[in-house]
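Trainee: Sharing a structure, written as structure tokens. Questions coming.
The values are calculated or read from the model by the stated rules, or taken from the named source; none is laboratory data. From a predicted model like this one, the values you see are computed outputs, not experimental measurements. Cβ placement follows ideal geometry from the backbone for every residue including glycine, while neighbour counts extend to all protein chains displayed.
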Ligand code: HEM
């Protein structure tokens with residue numbers, strides 16, 4: 001995706017100069033360039049990698065493999081690679097995926113430096129991903145060292161969601177020119193958009209409290225959060241009902257006011273994601289939280305979170321960066 005600039009060659013050919021080596025040195029050096037669209041694809045890859053690791057991380061917990069590697073950063077005391085054993089292998093594969101995620105976020109930083117035009121906000125946002133991944137590696141280590149104590153498991157999940165937020169904003173901004181946009185909806189609906197992001201966060205946070213209190217909070221042995229499970233489930237589902245009501249009300253208001261196709265699509269997607277996640281939530285609750293459904297519920301939380309963020313971000317229209325704007329000849 002990196003493109004070398006051949007601008008000098010084209011000018012030389014057009015002007016009949018012929019030999020490019022006659023041109024000044026700085027115009028002959030092939031400087032790597034990345035179009036806004038190519039950079040946006042890299043940011044999408046970073047977002048997908050983060051979503052992927054959240055799901056594989058949850059799979060580690062739900063298969064009881066969290067302490068498959070009992071040490072950190074090595075798997076077992078001086079052993080870096082896991083022994084050929086089920087739980088150790090699952091935990092080890094998840095740690096390897098962390099390595100891949102680290103590479104992708106570093107590429108996002110490097111890409112921001114060669115993106116044309118270069119933008120400081122994108123570099124900062126991509127550095128935010130690197131900081132978050134370093135934080136996750138340290139927090140993951142602490143989670144293992146504290147033998148999957150629920151507050152660590154919860155902090156690990158919450159930081160993942162913050163990273164997803166960072167990646168969604170980076171991906172969104174990478175696609176436009178960085179200037180303030182034009183609101184597509186009245187102020188009242190933009191406030192509802194912000195409220196939806198807050199409600200999504202509270203739904204996720206209360207969900208992690210349910211997990212920390214229930215059977216999938218960590219290892220079988222570790223003590224759970226000291227809450228009444230029925231009460232936390234009621235609070236969690238109550239927040240979700242409120243979230244759904246506000247999302248539907250927003251959709252109705254948007255339809256009444258008339259809005260752009262993208263906003264309409266985003267709000268329908270958000271309502272559909274909340275309903276699907278709610279159905280999974282109730283089904284898993286009434287069937288004794290089978291691990292596979294819980295895994296689906298984790299994937300659903302990420303989907304709902306991204307849908308809420310994307311809806312709010314798309315309430316403002318931005319101009320697109322001109323892809324591959326020609327580099328001035330001098
Ligand atoms: C927008 C809708 C919802 C969101 C975003 C959401 C989010 C979450 C999250 C993030 C967790 C923690 C996952 C983990 O750490 O493994 C969770 C757990 C849970 N949620 Fe929800 N949830 C939603 C709807 C519901 C509903 C309607 C119910 C119905 C009772 C429900 C029941 C549960 C249960 C029982 C758990 C614990 C699963 C376990 O044992 O790990 N959820 N939820």
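Trainee: Could you please find all residues in the range 252-277 being free of Cβ contacts under 8 Å to residues at least 40 places away in the same chain and surrounded by 12 or more Cβ atoms within 10 Å (Cβ to Cβ)?
Mentor: Result: 255, 264, 265, 268, 271, 272, 273, 274, 275, 276, 277.
Trainee: Can residue 217 be described as within 9 Å of the ligand (Cβ to nearest atom) and either under 30 Å from residue 76 (Cβ atoms) or assigned to a helix (DSSP H, G or I) (or both)?
Mentor: yes
Trainee: Something else now. Taking the conditions exactly as written (under 22 Å from the mean Cα position of the chain (by Cα) and either in contact (Cβ under 8 Å) with a residue 12 or more places away in the chain or assigned by TED's automatic domain parsing to the domain that holds residue 54 (or both)), does residue 249 satisfy them or not?
Mentor: Here the answer is no, as residue 249 does not meet what is asked.
Trainee: Please work out if residue 216 is out of contact with any strand residue (DSSP E or B) (no Cβ under 8 Å at 6 or more places or on another chain), farther than 13 Å from residue 312 by Cα and in contact (Cβ under 8 Å) with a residue 24 or more places away in the chain.
Mentor: Considered against the rule, which asks whether it is out of contact with any strand residue (DSSP E or B) (no Cβ under 8 Å at 6 or more places or on another chain), farther than 13 Å from residue 312 by Cα and in contact (Cβ under 8 Å) with a residue 24 or more places away in the chain, residue 216 comes out as yes.
Trainee: Okay, moving on. Among the residues that make up the range 185-199, is at least one of them at negative phi, outside any loop (DSSP other than H, G, I, E, B), within 21 Å of the chain's Cα centre (by Cα) and within 9 Å of the ligand (Cβ to nearest atom)?
Mentor: Yes, that holds for at least one residue.
Trainee: On to the next question. Given the residues 225, 159, 209, which is the only one that is in contact with a helix residue (DSSP H, G or I) (Cβ under 6 Å, 6 or more places away or on another chain), within 16 Å of the ligand (Cβ to nearest atom), not in a helix (DSSP H, G or I) and not assigned by TED's automatic domain parsing to the domain that holds residue 51?
Mentor: Criteria check complete, one pass: 225.
Trainee: Does at least one position in the range 143-153 carry a residue that is more than 19 Å from residue 295 (Cα to Cα), more than 15 Å from the ligand (Cβ to nearest atom) and part of a helix (DSSP H, G or I)?
Mentor: yes
Trainee: Collect the residues in the range 60-92 that are surrounded by fewer than 19 Cβ atoms within 10 Å (Cβ to Cβ) and either in the same structural domain as residue 215 (by TED's automatic domain parsing) or under 15 Å from residue 141 (Cα atoms) (or both), keeping them in residue-number order.
Mentor: 70, 71, 72, 73, 74, 76, 77, 80
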